[in-house]
1. Test each condition in (1) of a type in the set (A, V, I, L, M); (2) surrounded by 14 or more Cβ atoms within 10 Å (Cβ to Cβ); (3) more than 13 Å from the ligand (Cβ to nearest atom) for Ile228 and report the one that comes out false.
2. Of the residues that make up region 98-116, is at least one more than 17 Å from Ala155 (Cα to Cα) and free of Cβ contacts under 8 Å to residues at least 24 places away in the same chain?
3. Can you tell me which residue in region 141-163 is nearest to Pro129 (Cα to Cα), limited to those that are in a helix (DSSP H, G or I) and within 16 Å of the ligand (Cβ to nearest atom)?
4. For region 183-206, which residues satisfy the criterion of being out of contact with any helix residue (DSSP H, G or I) (no Cβ under 7 Å at 6 or more places or on another chain) and either of a type in the set (Lys, Arg) or touching a residue at least 60 places away in the same chain (Cβ under 8 Å) (or both)?
5. Within region 107-118, is there a residue that is surrounded by 23 or more Cβ atoms within 10 Å (Cβ to Cβ), closer than 20 Å to Arg223 by Cα and away from the ligand (no atom under 16 Å from the Cβ)?
6. Could you pull out the residue among Val172, Val189 that is within 16 Å of the ligand (Cβ to nearest atom) and either farther than 30 Å from Gly7 by Cβ or hydrophobic (A, V, I, L, M, F, W, C) (or both)?
7. What number goes with the only condition from (1) more than 14 Å from the ligand (Cβ to nearest atom); (2) buried (at least 17 other Cβ atoms within 10 Å of the Cβ); (3) of a type in the set (Val, Ile, Thr) that Val39 does not pass?
8. Being in contact with an Asp or Glu (Cβ under 8 Å, 6 or more places away or on another chain) and either charged (D, E, K, R) or closer than 28 Å to Gln65 by Cβ (or both) narrows it down to one of Ala173, Ala180, so name that one.
Amino acid sequence: MSDQRTGQLQEGLLRIEERIAAACERSGRPREQVQLVVVTKFFPADDLARLLTLGVRDFGESRDQEATEKLAAFDASDRARFRVHFIGQLQSKKARHVAMYADLVHSVDRDKLLAPLGAGATQRGILLPVLIQVDLAGDDAARGGVGPAEAPALADAVARTEGLHLAGVMTVAPRDVDPAAAFARLAGVATRIRADHPAAQLISAGMSGDLEQAVDAGATHLRVGSAILGNRPLRR
Ligand SMILES: *Cc1c(COP(=O)(O)O)cnc(C)c1O
């Protein structure tokens with residue numbers, strides 16, 4: 001697929017790539033340490049197909065039903081070429097299904113999700129890597145996340161769950177807080193968790209508006225949507 005929209009997406013990708021490269025340069029980090037996840041939520045499967053032709057291999061989706069519908073547009077050989085990151089708030093009744101197709105779940109924020117996620121992963125025959133979503137606002141319940149003080153206990157519980165691999169932490173910076181301060185706090189939580197779980201190396205932080213601060217604070221995964229795809233259409 002190559003059309004006007006492909007050109008727009010390519011320009012968006014180039015701009016983000018420049019920002020990531022500059023941020024890595026300033027922070028003295030190798031570019032290879034930072035994985036861009038292109039957040040395609042609310043955009044159609046055709047945009048994923050276009051992004052695939054542009055070399056994108058990591059997509060972020062936030063709703064089970066929407067992700068499932070989009071993935072149905074790809075045959076097995078195309079599907080094997082890319083990874084799906086589940087970044088949205090998880091409902092426990094959807095968790096088992098998400099574990100059937102997600103390659104990394106960024107948004108684990110409570111015990112209740114662990115059994116269904118682990119069951120789906122076990123049925124699929126994989127060890128599913130998951131991140132603990134940390135809420136740094138305290139009052140922003142709509143976005144999900146476990147408090148920093150409770151995160152290590154949830155990490156322990158993940159590590160005890162068959163089928164799951166504790167891979168690290170994730171956050172969405174609260175709106176009214178300096179993102180650099182939020183990401184520094186997340187790095188502190190990551191360090192605490194790594195003391196008991198050395199393999200939990202991933203830090204998912206940074207979106208269109210704050211990826212520079214995230215790179216500076218050690219993010220390994222950036223979740224960027226609107227700066228590449230444009231403003232999201234309204235929720236269906
Ligand atoms: C939508 C979303 C993003 C992408 O946000 P942009 O500001 O469009 O880059 C990243 N992370 C999560 C959890 C999201 O829900």
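1. The one condition Ile228 does not meet is (3).
2. No, the conditions are met nowhere in region 98-116.
3. So the residue we want is Arg143.
4. Scanning region 183-206 gives Arg185, Arg194, Leu202, Ser204.
5. No: zero hits.
6. Among Val172, Val189, only Val172 is within 16 Å of the ligand (Cβ to nearest atom) and either farther than 30 Å from Gly7 by Cβ or hydrophobic (A, V, I, L, M, F, W, C) (or both).
7. (1)
8. Of Ala173, Ala180, the one residue that is in contact with an Asp or Glu (Cβ under 8 Å, 6 or more places away or on another chain) and either charged (D, E, K, R) or closer than 28 Å to Gln65 by Cβ (or both) is Ala173.
The values are calculated or read from the model by the stated rules, or taken from the named source; none is laboratory data. Computed from a prediction, not measured in an experiment: that's the story for all the values here. So basically every Cβ, Gly included, is an ideal-geometry build from the backbone, and we count neighbours across all protein chains shown.
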